[in-house]
Amino acid sequence: MPLVLLAALLLAPAALLNAQSKNVDMYWVDVEGGAATLIVAPSGESLLIDSGFAVGDRDAKRIYAAAQQAGLKKIDYFVLSHFHADHAGGLAALSKLIPIGRFYAHGDDVETENQQWLDSFKTASSGKYTIVKPGDKIPVSGLQVLVVASNEQLLPNPVNGGGPNPLCAEAEQKAASAPENRRSVGLLLSYGKFKYLNLVDMDWEKEMELVCPINKVGKVTLYQTGRHGSFDDAGAPALLGAIQPQVVVVNNGPRKGMGQNAPIKSDNPPGKHVAPYEANTYLRLSKTPRIEGVWQEHKSLIDPDPQHNTAEDMIANLDDAGDHKGNWIKASVEKDGKFSVTNSRNGFSKTYKAR
């Protein structure tokens with residue numbers, strides 16, 4: 001047997017083992033208060049959720065840089081959660097920088113002020129657009145990516161061990177927010193024991209519908225905050241207590257999302273007892289049982305109190321608008337559920353084990 005062939009045969013099992021042991025890599029790209037999460041499966045297939053703002057193609061270039069960091073030549077699947085500028089704005093420029101295979105969104109229902117983002121999405125998707133509904137799956141090889149919400153509809157039955165939620169009895173109800181936020185496509189991604197939940201801009205009222213009286217999504221490992229960490233009309237304690245995340249990533253901007261605590265009208269019946277809860281986003285998260293770590297895209301400059309932000313080592317960007325380096329947060333998930341979260345600003349990393 002030729003020596004070259006023999007060497008190839010001896011190396012093949014090691015190469016196969018290496019391919020099978022490749023991690024799931026997740027990048028929270030800094031789009032300064034918008035949203036863009038890039039996920040690369042062990043198979044090499046990729047999923048991008050949202051595309052940030054249009055602002056000078058800044059966000060498209062940052063997403064493209066993350067894709068290059070991940071070694072991608074294309075983005076296989078793109079999910080647009082909803083047609084707002086901070087989620088859809090970067091798509092037109094991004095689609096010119098890197099090929100995108102399939103596109104997914106909630107449908108064509110938009111208000112007049114959001115029509116430009118629907119038009120931009122349809123131009124970029126060019127016939128490769130699928131409307132998703134709860135229960136549908138995004139076919140990323142090696143991952144389970146389940147649509148749990150879309151176009152104001154939610155999963156009809158619980159998944160992932162979900163069941164009755166005792167936190168609902170004394171939970172506060174709030175009035176519905178803007179329709180387009182409520183139409184958000186929400187996703188539950190599973191890789192063995194690791195579960196990732198992203199409800200994007202779903203409001204408090206829809207969060208309550210998702211977990212009350214039945215928690216339909218079960219417990220998760222990593223939760224990306226709704227409404228960019230603006231917990232005036234999101235982050236319902238009945239949701240947080242039900243899903244019991246180990247790690248939270250806040251996709252806020254320096255002056256958007258986390259730190260904004262404007263009141264919103266309560267919608268509770270007269271005389272209903274409501275359990276007290278923490279108003280501040282970071283404190284609400286840190287006081288939620290079983291949370292082991294909170295990571296932020298930005299230090300909040302709306303509320304820079306160190307007690308109202310996570311540890312600086314776990315904040316990707318500390319500076320004010322105009323001076324950002326676009327640092328990302330990355331999670332790398334192993335097959336056994338062990339995962340590390342890393343801050344690209346300083347290389348700080350923490351390792352967790354999915355429960």
> If you take the residues in region 185-199 that are farther than 16 Å from Asp25 by Cβ and in contact (Cβ under 8 Å) with a residue 60 or more places away in the chain, which one is surrounded by the fewest Cβ atoms within 10 Å (Cβ to Cβ)?
Replying inline: Lys193
> When you look at His324, is it part of a loop (DSSP other than H, G, I, E, B), over 19 Å from the mean Cα position of the chain (by Cα), buried (at least 18 other Cβ atoms within 10 Å of the Cβ) and at pLDDT below 95, yes or no?
Replying inline: yes
>> Looking at (1) at negative phi; (2) touching a residue at least 12 places away in the same chain (Cβ under 8 Å); (3) out of contact with any Gly (no Cβ under 6 Å at 6 or more places or on another chain), which one does Gln244 not meet, given that it meets all the others?
In response: (1)
> Hey, among Asp201, Asp136, which residue is of a type in the set (Asp, Glu) and under 18 Å from Leu47 (Cβ atoms)?
Replying inline: Asp136
>> Cβ contacts < 7 Å: first residue at negative phi, restricted to region 221-236; second residue at pLDDT below 95 and basic (Lys, Arg), any location; separation 6+ or different chain. Result?
In response: Asp233/Lys174
> So Ala275 clears everything in (1) loosely packed, with under 14 Cβ neighbours inside 10 Å; (2) more than 17 Å from Ala311 (Cβ to Cβ); (3) in contact with a Phe, Trp or Tyr (Cβ under 7 Å, 6 or more places away or on another chain) except one condition, right? Which one?
Replying inline: (3)
>> Looking only at residues that are at pLDDT below 95 and under 19 Å from the mean Cα position of the chain (by Cα) in region 1-33, which one is farthest from Asp86 (Cα to Cα)?
In response: Glu32
> Does region 108-126 hold any residues that are part of a helix (DSSP H, G or I) and either surrounded by fewer than 13 Cβ atoms within 10 Å (Cβ to Cβ) or of a type outside the set (A, V, I, L, M) (or both), and which are they?
Replying inline: Thr112, Glu113, Asn114, Gln115, Gln116, Trp117, Asp119, Ser120, Phe121, Lys122, Thr123, Ser125
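So that you can scan it fast, the table gives a plain yes or no per residue for (1) of a type in the set (Val, Ile, Thr); (2) more than 18 Å from Tyr223 (Cα to Cα); (3) free of Cβ contacts under 8 Å to residues at least 24 places away in the same chain:
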site	(1), (2), (3)
Ala279	no, yes, no
Ser300	no, yes, no
Ile315	yes, no, no
Ile329	yes, no, no
Lys335	no, yes, no
Thr342	yes, no, yes
>> Restricting to region 94-107, give me the number of residues that are part of a helix (DSSP H, G or I) and surrounded by fewer than 21 Cβ atoms within 10 Å (Cβ to Cβ).
In response: 2
> With region 31-89 as the region, which strands (runs of 3 or more DSSP E) entirely inside it contain at least 2 residues that are free of Cβ contacts under 8 Å to residues at least 40 places away in the same chain and closer than 21 Å to Ala316 by Cα?
Replying inline: 37-40
> Which helices (runs of 4 or more DSSP H) does region 140-252 wholly contain that include 1 or more residues that are under 22 Å from Ala275 (Cβ atoms)?
Replying inline: 204-211, 237-243
> Among all residue pairs at least 6 apart or on different chains, which show Cβ distances below 6 Å where the first residue, located in region 98-126, is under 19 Å from Ala60 (Cα atoms) and at pLDDT 95 or above and the second is of a type in the set (Phe, Trp, Tyr) and surrounded by 13 or more Cβ atoms within 10 Å (Cβ to Cβ)?
Replying inline: Ile98/Tyr64; Ile100/Phe78; Arg102/Tyr77; Phe103/Phe78; Phe103/Tyr129; Trp117/Phe83; Leu118/Phe83; Ser125/Phe103
> When only residues in region 127-139 that are assigned to a strand (DSSP E or B) and among the aliphatic types (A, V, I, L, M) count, which is farthest from Lys195 (Cα to Cα)?
Replying inline: Ile131
> When you go through (1) assigned to a loop (DSSP other than H, G, I, E, B); (2) surrounded by 17 or more Cβ atoms within 10 Å (Cβ to Cβ); (3) not hydroxyl-bearing (Ser, Thr, Tyr) one by one for Pro269, which number turns out not to apply?
Replying inline: (2)
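The values are calculated or read from the model by the stated rules, or taken from the named source; none is laboratory data. If you're wondering where the values come from, they're calculated on a predicted model, not measured in any experiment. Virtual Cβ from ideal backbone geometry, glycine too; neighbours counted across all protein chains shown.
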